[in-house]
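The block underneath contains the structure these notes are about, expressed in structure tokens.
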Amino acid sequence: MKPFAIRRDATDLRIAVVVARFNHLITVRMLEGCVELLVERGAARDAIDVAWVPGAFEIPQAARSLAVTGRYDAIVTLGVVIRGGTPHFDYVCRAVTDGVREIVRDTNVPVAFGVLTTDDTAQALARAGGEHGNKGAEAALAAVEMAHLVRAVVEPPR
Ligand code: INI
């Protein structure tokens, strides 16, 4: 067995974050969790590019635009979709999940999925620095790990 090393240092990684303004009070907490995690892991705070978009529906277009530049080792997406009384929730969730998956498939740039899909605001707050942790930080860590893995596979050491 020869496993690839699991690397969780962000020192030499170029990371972009796409974050939705919809449910801003919650997404800003996720952004804080994400950025703090990256800085703890060695990223320079001013080297983390952040793109705000209106809502979760817009996340894939922004993430794809960033991915195709070739400038980023990984992208973190952050948003909060809260179930209302209409099917709108399902359409937004479907669009953002399909959209992010397609970017990974089409570009091979790691895109971490930090989009909460919850029944109510309390569930979202609990996952944005509350009792269930901060999914923004978790997504950041996934992005770091995948950036190193993809780099190691694509550019194997000689
Ligand atoms: N966008 C979200 O990020 N979260 C939501 O809960 C949400 N709801 O419930 O409607 C939401 N809607 C906006 C959507 O993402 C787009 O910004 C809008 O439709 C314009 O394209």
Can you check what the net charge comes to around residue 145, using other residues whose Cβ is under 13 Å from the Cβ of residue 145 (Lys, Arg +1; Asp, Glu -1)? +1
Relative to the longest principal axis of the C-alpha atoms of the chain, give the angle of the C-alpha long axis of helix 88-107, reported between 0 and 90° and rounded to the nearest 10°. 10
Efficiency of FRET between residue 71 and residue 105 - r from beta-carbon atoms, R0 22 angstrom, step 0.05: 0.65
Around residue 52, with a cut-off of 10 angstrom between Cβ atoms, what is the net charge of the other residues, counting Lys and Arg +1 and Asp and Glu -1? 0
Rounded to one decimal in nm, the spacing of the 7 Å Cα→Cβ label points at residue 132 and residue 32 is 2.0
FRET efficiency, residue 46 to residue 21 (Cβ-Cβ, R0 25 Å, nearest 0.05): 0.70
Neighbour net charge for residue 118 - beta-carbon separation under 10 angstrom, K R +1, D E -1: 0
State whether the stretch 15-150 is rounded, prolate or oblate according to the following rule on the C-alpha gyration tensor (a ≥ b ≥ c being the square roots of its eigenvalues): a/c under 1.5 gives rounded; otherwise a/b larger than b/c gives prolate, and the remaining case gives oblate. oblate
Quick shape check on the stretch 16-93: root eigenvalues a ≥ b ≥ c of the Cα gyration tensor, a/c under 1.5 is rounded, otherwise prolate if a/b tops b/c, else oblate, and it reads oblate
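Values in this text are rule-based calculations from the coordinates and carry no lab data. None of the values given here were measured: they were computed from a predicted structure. No Cβ is skipped: glycine too gets one built from the backbone with ideal geometry, and neighbour counts run over all protein chains shown.
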